[in-house]
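Working notes, beginning with the structure itself.
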Amino acid sequence: MSLKTILNYSPNFSTKKRSFKQIKFIIFHYTGMKSESSAIKRLTNTKSEVSSHYLIKKNGEINCLVPDLYIAWHAGISSWKGIKSLNKYSIGIEITNPGHIHNYKKFSKKQINSILKLTKFLIKKYKIQPQNILGHSDIAPYRKKDPGEKFPWKYLYQNKIGIWHSLNQNKLLKLRGLKTNKIEKKKFIKNLFKIGYNFNFKKNLKLDKDKNLKIISKAFQRRFRPDVVNGIIDKECLVISQNLA
């Protein structure tokens, strides 16, 4: 399987090479900047100290910024299933989108087609497991919202990329907004741990338990219940988390 990419190298990567086996994750991001040109400038500017392995432009063009076997600087402080600093083990894919601060938009059909092509290529090349295809907000929920609730996670799953629940949508809608009790909330938290979410940054941020839980719940909702992202653990969220765990 061949993949057409445009080389637009970034200087922002670690010079020590890694092995094929170290690459276990794919992390999706949006650029979160007003214009595509400013995003490219930032990703290729030495002073920014930010990069990714690939950038998918508005027109679907795939830019290669950092070769796969080098560590790009895209994930920052991150954690998933007890693994910290996911830069070491992941390939980062940035997608042009202004993000939540600058009038967040739907991803274009051309972008989605390129996401499918690139991700399938990487999955095959590095034998990436479905549960290891993540968003930036999954691995850094206290800092990030990208790629956000408009990212087509369900569509990707339907095309054999990533994970999704196997529940009936009409049945789920009947559970939406129904309150959960303390025991059910504890079950939800346990399910999030099983899925891979971590709560290990709360001491640094000096947040109380409720605020922590709301942040993590929003990250979960952006990924698996994107219609309503409010941080409230209802019965719909509980059932989805049980199915995934």
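The values are calculated or read from the model by the stated rules, or taken from the named source; none is laboratory data. Predicted model, so just to flag it, every value in this text is computed and none were measured. Please note: Cβ atoms are built from the backbone with ideal geometry, for glycine as well, and neighbour counts cover all protein chains shown.
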Exercise for the section: For Leu238, indicate whether it is in the same structural domain as Asp68 (by TED's automatic domain parsing), crowded, with 16+ Cβ neighbours inside 10 Å and not in a loop (DSSP other than H, G, I, E, B). Expected result: no
Fill in the blank from the handout: the stretch 120-218: helices (runs of 4 or more DSSP H) wholly inside it with 1 or more residues that are among the aromatic types (Phe, Trp, Tyr) are 153-158, 182-195
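Checking the condition of a type in the set (A, V, I, L, M, F, W, C), in contact with a Lys or Arg (Cβ under 9 Å, 6 or more places away or on another chain), assigned by TED's automatic domain parsing to the domain that holds His102 and modelled with pLDDT of 95 or more, which residue from Ile123, Ile233 passes? Walk me through how you get there before you give the answer.
On the way: Ile233 fails: assigned by TED's automatic domain parsing to the domain that holds His102.
The match here is Ile123.
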Handout entry: Residues of the stretch 88-132 satisfying the condition of being touching a Leu at 6+ places or on another chain (Cβ under 8 Å), of a type in the set (A, V, I, L, M, F, W, C) and buried (at least 17 other Cβ atoms within 10 Å of the Cβ)
Key = Ile91, Ile93, Ile95, Ile115, Leu118, Ile128
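May I ask you to say which residue of Gly76, Gly60 is out of contact with any strand residue (DSSP E or B) (no Cβ under 9 Å at 6 or more places or on another chain), of a type in the set (Gly, Ala, Ser) and under 21 Å from Lys120 (Cα atoms)? It would help to see each step written out before you state the result.
On the way: Gly76 fails: under 21 Å from Lys120 (Cα atoms).
Result: Gly60 is the single residue among Gly76, Gly60 that is out of contact with any strand residue (DSSP E or B) (no Cβ under 9 Å at 6 or more places or on another chain), of a type in the set (Gly, Ala, Ser) and under 21 Å from Lys120 (Cα atoms).
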Practice task
Test Lys174 against the criterion of being on the phi < 0 side of the Ramachandran plot, free of Cβ contacts under 8 Å to residues at least 60 places away in the same chain, surrounded by fewer than 20 Cβ atoms within 10 Å (Cβ to Cβ) and touching a Lys or Arg at 6+ places or on another chain (Cβ under 6 Å), and give yes or no.
Solution key: no
Handout entry: Residue within the stretch 106-122 that is under 15 Å from Lys24 (Cβ atoms) and not charged (D, E, K, R) present
Key = yes
